[in-house]
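Have a look at the structure below before the remarks.
The values are calculated or read from the model by the stated rules, or taken from the named source; none is laboratory data. Bear in mind the structure is a predicted one, so any value in this text is a computation, not a measurement. Cβ coordinates were reconstructed from backbone atoms using ideal geometry, including for glycine residues, and neighbour counts include every protein chain displayed. Protein only, heavy atoms only, side chains kept; ligands, DNA and RNA dropped before computing areas. Shrake-Rupley method; radii C 1.70, N 1.55, O 1.52, S 1.80 Å.
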Amino acid sequence: MEYEITFLPDGKKVKVREGTHVLDAARRAGVKIPTRCGGKMGCLMCKVHIGQDERIHCFPPKEAELRKLGSLADEGTRFSCQTVIKGNLTVHVPEDPLKAAVRKQLEAARNRENDHLI
């Protein structure tokens, strides 16, 4: 069975089969999630956020992932290389800090332009 995965904040979507890891789905969707270990949970870089209502659409974390995440797991943080899909899922990918700053500046500039039009 195929499921639709949506990656925020970009809004990119991809259809994948049950059992696919979120990191693999992201690659297929053209969403960049940083990683150095090739999906072996060694670099701890590929963190994503799964909302409370979405967590039923992926298999629960194993003990090793829970140990490495600590209290972040309670807040919905997962390693994308360990998160296995079992339903339609929305995944929040943290923005690169530089990209987020540029996006905020562009939005502020657009808002200033719109203020002048009113």
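At-a-glance table
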{"quantity": "Portion, in percent, of the accessible area of the chain that falls on carbon or sulfur, probe 1.4 Å", "calculated": "52"}
{"quantity": "Shape call, the range 1-44: gyration tensor on alpha carbons, a/c limit 1.5", "calculated": "oblate"}
{"quantity": "Nearest-ten-degree value, helix 97-117 long axis tilted from longest Cα axis of the chain", "calculated": "30"}
{"quantity": "Helical contribution to [θ] at 222 nm, DSSP H n ≥ 4, -39,500 (n - 2.57), averaged over the chain, rounded to 500", "calculated": "-9500 deg cm²/dmol"}
{"quantity": "Inter-site label distance for Lys62 and Lys99 at 7 Å from Cα along Cβ, in nm", "calculated": "2.8"}
{"quantity": "Nitroxide proxy distance, nm - points 7 Å out along Cα→Cβ at Arg28 and Leu44", "calculated": "3.0"}
{"quantity": "Spatially proximal lysines relative to Lys15 (Cα-Cα < 24 Å; intrachain offsets below 8 disregarded)", "calculated": "Lys32, Lys40, Lys47, Lys86"}
{"quantity": "Hypothetical label at His92: residues of the range 35-66 whose amide nitrogen lies under 20 Å (7 Å Cα-Cβ projection)", "calculated": "45-61, 66"}
